[in-house]
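Just below is one structure, and these are the notes that go with it.
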Amino acid sequence: MPELITVEQAERLDTTELHELYARYISKSQVSLIGTFGFGRDLVDSAEGCWIRLQDGRRVLDFTGGIGVLNHGHNHPRILKARQRFQEHKRLEVHKNFLSPYAAALAHNLAALLPGDLNIGYFPSSGSEAVEGAVKMAYKYHEGRRGTVLHADTSFHGKLLGAGSLTGSPELHFHYPKIPGTDSFAFGDIESLRLALSRHETAATGSDVYAVIVEPYSASSLRASPEYFLREARRLCDERDIVLIFDEVYTGWGKTGSLFYFMRYPGLVPDILTTSKSFGGGKSSISGYVAREPVFRKAYDNLSDATLHSTTYFGFGEEAATALEAVAITVEDDYPARATAIGEQLERGLRAIAAKHPKLVDRVEGVGALHGVFLSAGSTALDAVLKRLPSSFARDPQVRSKIVTAAVVGALYRDHDILSFYGSNREIALIVSPSLVTGEEEVERFLSALDDVLGKGLTALVAGLVREKVMS
Ligand SMILES: Cc1ncc(COP(=O)(O)O)c(C=O)c1O
């Protein structure tokens, strides 16, 4: 029998052993990448709320919000209890021969919370799968008679082949084959959308476009689609019988101050909404796409088409039970109001910091508990660093802002035990995206740490990063 590592042994691996296993069996580059920015040497013991406890006893304030996953914080007690209950009763996980009471209840609850006739829910495992499920439904709605899907030039819809075909981000810099018939419009620009639609007019069906996919708020670029754009896109799609998809995989469940970003605009309803991340309460790998009833009925509501889209794990058991609890907490604890309060505190604090460090901070953008600080990258202090980096990094056109932002992320961690990250699309920003269980005191702690870090000046910050790199 081969010698296998047990769960208990895995939990006892030290940093060197972990790096060796990663380098050998997962990716050497992932180990060096995480090391480049000063992370990867610490091991985590546990995590609760917005705090992470390291094995060396340090407590780290997690200000990443788990990149959208952790609205409820780490290991929310109600989420843990729902999962323990499911396990203690030995509930059924995956089975195709029974219907799932959890999926049924979850779909009901989504329909109750969402506006209009967004009533039909599907529950795959990741955001990309939800996006692809939505696009497939739109294609089927037109029975394959239309061949074009439009997306924004600045967007993030995931990294699977289909979702990646609709993503406009330098992060996906290697070009894989695309799904057929994609075209783009400038983010939030209604004239550009009109133009894109006019490129695909046909004599036979009026339009060859079967779907338009939009992020009402783009978390990767921290930009809002203007209300006028969203409402006019709705009207243009209605006129042409095009399925309008809103991708709120990141921004759902209160993060921006409304349950979903688009819900701040009364009467605005997409044909399909995608969600994931905090839908799973920080524990469950579940996503969803919710369709308006007429779209679903025309696309799939008959015996032969009923199973055209599914995956093996499809929100049947524990994942769906967890999502039920996650949604209940979001509503009962009024997460949109929490995000609004956090947002107001962040907005005030970050604007004050920007005013105090005008040479370092270009601008601050954001909404609710999702903000970004765009740092200046013009300094000559960076030239020395660039020379020391591997050539693959130095070739990256965004390398300067990545270094500055990584230096701030590194100093926040090293000097203040605060975890943050940088987000990348066409621009790089320090992402300030706390969980919605983060208190006023913790937000204040972050703000004063950021003020302190920026107060050191760019040269010192970047020198710190170089020291770390040289030592690692
Ligand atoms: C708006 C949006 N759509 C889709 C995705 C893809 O989700 P996943 O990474 O779960 O495939 C993401 C992931 O960050 C996202 O932010």
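Scanning region 123-145 for residues that are more than 9 Å from the ligand (Cβ to nearest atom) and either at pLDDT below 95 or over 17 Å from ASP271 (Cα atoms) (or both) yields PRO124, GLY144, ARG145. Only one of (1) of a type in the set (A, V, I, L, M, F, W, C); (2) touching a Phe, Trp or Tyr at 6+ places or on another chain (Cβ under 6 Å); (3) farther than 22 Å from PHE421 by Cα fails for ALA219. Which number is that? Going through (1) of a type in the set (A, V, I, L, M, F, W, C); (2) touching a Phe, Trp or Tyr at 6+ places or on another chain (Cβ under 6 Å); (3) farther than 22 Å from PHE421 by Cα one by one, ALA219 breaks only (3).
Taking region 313-413 and the helices (runs of 4 or more DSSP H) fully enclosed by it, the elements with 3 or more residues that are over 30 Å from LEU110 (Cβ atoms) and out of contact with any Cys (no Cβ under 9 Å at 6 or more places or on another chain) are at 335-356, 381-388, 391-394. Going by the structure shown, is ASP189 away from the ligand (no atom under 13 Å from the Cβ), closer than 23 Å to TYR139 by Cα and not β-branched (Val, Ile, Thr)? No; evaluated as a whole, the condition is false for this residue. Within region 204-211, the presence of at least one residue that is touching a residue at least 60 places away in the same chain (Cβ under 8 Å) and within 16 Å of the ligand (Cβ to nearest atom) is confirmed.
Okay, residues lined up against (1) part of a helix (DSSP H, G or I); (2) buried (at least 20 other Cβ atoms within 10 Å of the Cβ); (3) outside the structural domain of TYR210 (by TED's automatic domain parsing); (4) in contact with a Leu (Cβ under 9 Å, 6 or more places away or on another chain):
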site: ASN109; (1), (2), (3), (4): yes, no, no, yes
site: ALA112; (1), (2), (3), (4): yes, no, no, no
site: GLU129; (1), (2), (3), (4): yes, yes, no, yes
site: ALA134; (1), (2), (3), (4): yes, yes, no, yes
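Restricting the search to helices (runs of 4 or more DSSP H) fully inside region 4-56 and requiring at least 2 residues that are closer than 30 Å to LEU386 by Cα gives 15-22, 28-36. Of all residues in region 420-443, those that are in a strand (DSSP E or B) have Cβ atoms under 7 Å from Cβ atoms of residues that are of a type in the set (Phe, Trp, Tyr), 6 or more apart or on another chain, in ILE428/TYR422; ALA429/PHE374; ALA429/TYR422; LEU430/TYR422; ILE431/PHE421; ILE431/TYR422; VAL432/PHE63. Looking only at residues that are buried (at least 22 other Cβ atoms within 10 Å of the Cβ) and within 16 Å of the ligand (Cβ to nearest atom) in region 285-303, which one is farthest from ILE120 (Cα to Cα)? For region 285-303, the residue satisfying everything is ILE286. Screening SER169 with (1) within 28 Å of GLU365 (Cα to Cα); (2) at pLDDT 95 or above; (3) of a type in the set (Ser, Thr, Tyr) gives one miss only, at (2). Here ASP208 fulfils each of the conditions (1) in contact with a strand residue (DSSP E or B) (Cβ under 8 Å, 6 or more places away or on another chain); (2) under 30 Å from GLY257 (Cα atoms) apart from (2). So for region 182-192 (the condition being closer than 24 Å to TRP253 by Cα, assigned by TED's automatic domain parsing to the domain that holds TYR139 and in contact with a helix residue (DSSP H, G or I) (Cβ under 8 Å, 6 or more places away or on another chain)), does at least one residue qualify? Within region 182-192, one or more residues are closer than 24 Å to TRP253 by Cα, assigned by TED's automatic domain parsing to the domain that holds TYR139 and in contact with a helix residue (DSSP H, G or I) (Cβ under 8 Å, 6 or more places away or on another chain). Which condition breaks for TYR228 when tested against (1) closer than 26 Å to ALA369 by Cβ; (2) surrounded by 13 or more Cβ atoms within 10 Å (Cβ to Cβ)? Failing condition for TYR228: (2). The residue that is nearest to PHE185 (Cα to Cα), among those in region 146-162 that are near the ligand (Cβ under 10 Å from one of its atoms) and small (Gly, Ala, Ser), is SER155. Only one of the numbered conditions (1) in a helix (DSSP H, G or I); (2) over 26 Å from GLY73 (Cβ atoms) is not met by PHE279, and that is (2). Taken together, SER169, SER225, SER207, SER218 contain a single residue that is hydroxyl-bearing (Ser, Thr, Tyr) and more than 27 Å from ASN119 (Cβ to Cβ), which is SER169. Kindly evaluate ASN71 against the criterion of being modelled with pLDDT of 95 or more, more than 16 Å from the ligand (Cβ to nearest atom) and not basic (Lys, Arg). It is false that ASN71 is modelled with pLDDT of 95 or more, more than 16 Å from the ligand (Cβ to nearest atom) and not basic (Lys, Arg).
Of everything in region 282-302 that is of a type in the set (Gly, Ala, Ser) and in a strand (DSSP E or B), the residue that is farthest from LEU118 (Cα to Cα) is GLY288. Under the condition of being over 14 Å from the mean Cα position of the chain (by Cα) and either outside the structural domain of LYS140 (by TED's automatic domain parsing) or not in a loop (DSSP other than H, G, I, E, B) (or both), the residues counted in region 260-276 number 5. Scanning region 230-240 for residues that are within 15 Å of ALA186 (Cα to Cα) and in contact with a strand residue (DSSP E or B) (Cβ under 8 Å, 6 or more places away or on another chain) yields LEU230, ALA233.
Residue-level analysis places LEU360 among those that are within 27 Å of ILE428 (Cβ to Cβ), crowded, with 17+ Cβ neighbours inside 10 Å, at pLDDT below 95 and in the same structural domain as VAL453 (by TED's automatic domain parsing). Which of the residues that make up region 163-176 are within 12 Å of the ligand (Cβ to nearest atom) and surrounded by fewer than 21 Cβ atoms within 10 Å (Cβ to Cβ)? Within region 163-176, SER169, GLU171, LEU172 meet the criteria.
The values are calculated or read from the model by the stated rules, or taken from the named source; none is laboratory data. Since this is a predicted model, take the numbers as computed values, not measurements. Please note: Cβ atoms are built from the backbone with ideal geometry, for glycine as well, and neighbour counts cover all protein chains shown.
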